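Student: Below are the structure tokens for one structure; questions will follow.
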């Protein structure tokens, strides 16, 4: 596989996520869908099932979702709710919802009620995975107990029992995928050979393809990369999940280059490997407790340190913060993060209260263009 063929494979999987999942289903896979990056996919792999990360789509707004869910819920969650009710995720044998934010917990409650109100809606079976992310011994024990319960639930779908050997093997496979993403990330964080749109698609495709297929494509891409791109202001995009490339496309159309995505659909997906020299259950619990980006992570200072490290590694010229219209979490962290940037002389733009559906593209484009013009005036 050439690098160009690998990139085409990855971007095609991203562009047709649902079609890719349905093809895996048609080939005989038992599909476990999940949201965000806080569901232990290693357990899904260990029992012999197929994980597929599910996301919203701002271009698909189901009226049935608006009938039940309040407008102040996050836009992506409302989109997901509509997709669950209208059959977009009908290929999933189980959908796992992590309790790593309040809005996803509410999504779970809404979906549990829907059979009473919409008995004909093709809602897949759901499972709530309760992950805590504070750095305490009792938290680690709780998370491990939730993982063992999750593994038992997966076994009822036809998966094999999870022993230490199977879990250790699954951890190694998922670490290989993370390592392949880390290697590929040099194509956007270093000398820029992939623009921010392709970078986002490469990252997203890795959670849609089977792990072995994703690893093969990523390895081929890293071994045979595209030619370097023209220079442009190097930007980090941070904030609400960017599961579609709309904002990145606006930035790059205005003349910027997104060289790092610091959100739950971006670079933090692969920033740390699960320890392979420890007891596998403890290692897996510790990884998801301490090393996964999310709104309930404590202490926040640890996440901010990762943010600054990513900014420095990618040698950025500026940061664009992008927050959902109904965000009630990330905004509390913004002042401290802005101060961290100011202390390092890194300019930033804050696009707050941005609608998920029907975004004000012209206003966004104008703000981004103005920010880029200011960066261009700053002496190197």
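The values are calculated or read from the model by the stated rules, or taken from the named source; none is laboratory data. Computed from a predicted model, the values in this text were never measured in an experiment. All Cβ positions, glycine included, derive from the backbone under ideal geometry; neighbour counts span all protein chains shown.
Student: Report, by residue number, each residue of the range 125-135 that is closer than 21 Å to residue 51 by Cβ, in contact with a helix residue (DSSP H, G or I) (Cβ under 7 Å, 6 or more places away or on another chain) and part of a loop (DSSP other than H, G, I, E, B).
Tutor: 130, 131, 133
Student: Taking only the range 139-193 into account, find how many residues are in contact with a strand residue (DSSP E or B) (Cβ under 9 Å, 6 or more places away or on another chain) and closer than 17 Å to residue 222 by Cα.
Tutor: Residues meeting the conditions: 5.
Student: Next up: Of the conditions (1) within 23 Å of the chain's Cα centre (by Cα); (2) closer than 24 Å to residue 291 by Cα, residue 164 clears all except one; give me its number.
Tutor: All conditions pass for residue 164, except number (1).
Student: Tell me, please, whether a residue that is more than 29 Å from residue 134 (Cα to Cα) and either touching a residue at least 12 places away in the same chain (Cβ under 8 Å) or outside any helix (DSSP H, G or I) (or both) can be found in the range 299-313.
Tutor: no
Student: Tell me whether the range 136-148 contains one or more residues that are farther than 23 Å from residue 67 by Cα, assigned to a loop (DSSP other than H, G, I, E, B) and without any contact (Cβ under 8 Å) to a residue 24 or more places away in the chain.
Tutor: Yes - at least one qualifying residue is present in the range 136-148.
Student: Looking at residue 270, is it out of contact with any strand residue (DSSP E or B) (no Cβ under 7 Å at 6 or more places or on another chain), crowded, with 19+ Cβ neighbours inside 10 Å, farther than 30 Å from residue 63 by Cα and at pLDDT 95 or above?
Tutor: So residue 270 passes the test.
Student: When you go through (1) closer than 18 Å to residue 102 by Cβ; (2) surrounded by fewer than 19 Cβ atoms within 10 Å (Cβ to Cβ); (3) touching a residue at least 40 places away in the same chain (Cβ under 8 Å) one by one for residue 70, which number turns out not to apply?
Tutor: Single failed check for residue 70: (3).
Student: Quick check on my filter: what residues within the range 277-294 are assigned to a loop (DSSP other than H, G, I, E, B) and within 25 Å of residue 205 (Cβ to Cβ)?
Tutor: Matches in the range 277-294: 291, 292, 293, 294.
Student: If you don't mind, there's one more thing I want to ask. Residue 94 versus (1) under 30 Å from residue 300 (Cβ atoms); (2) buried (at least 17 other Cβ atoms within 10 Å of the Cβ): which is the lone unmet condition?
Tutor: Result: residue 94 passes all but (1).
Student: Out of all the residues in the range 77-103, which are at pLDDT below 95 and touching a strand residue (DSSP E or B) at 6+ places or on another chain (Cβ under 9 Å)?
Tutor: Those that are at pLDDT below 95 and touching a strand residue (DSSP E or B) at 6+ places or on another chain (Cβ under 9 Å): 99, 100.
Student: Among the residues of the range 201-251, count how many are under 28 Å from residue 340 (Cβ atoms) and in contact with a strand residue (DSSP E or B) (Cβ under 6 Å, 6 or more places away or on another chain).
Tutor: 11
Student: Has the range 320-337 got any residue that is farther than 24 Å from residue 102 by Cβ, more than 20 Å from the chain's Cα centre (by Cα) and not in a loop (DSSP other than H, G, I, E, B)?
Tutor: No: the range 320-337 contains no residue that is farther than 24 Å from residue 102 by Cβ, more than 20 Å from the chain's Cα centre (by Cα) and not in a loop (DSSP other than H, G, I, E, B).
Student: Still on this structure, please answer the following. Does residue 305 satisfy being more than 22 Å from residue 183 (Cβ to Cβ), at pLDDT 90 or above and loosely packed, with under 14 Cβ neighbours inside 10 Å?
Tutor: When the stated conditions are applied, residue 305 passes them.
Student: Considering the range 115-124 alone, what residues qualify as being farther than 18 Å from residue 41 by Cβ, in a loop (DSSP other than H, G, I, E, B) and in contact (Cβ under 8 Å) with a residue 40 or more places away in the chain?
Tutor: Once the filter is applied, which keeps residues that are farther than 18 Å from residue 41 by Cβ, in a loop (DSSP other than H, G, I, E, B) and in contact (Cβ under 8 Å) with a residue 40 or more places away in the chain, the range 115-124 yields 118, 121.
Student: Checking residue 166 against (1) at pLDDT below 95; (2) in contact with a helix residue (DSSP H, G or I) (Cβ under 8 Å, 6 or more places away or on another chain); (3) surrounded by 13 or more Cβ atoms within 10 Å (Cβ to Cβ): exactly one of these is not met. Which one?
Tutor: Status for residue 166: all satisfied but (1).
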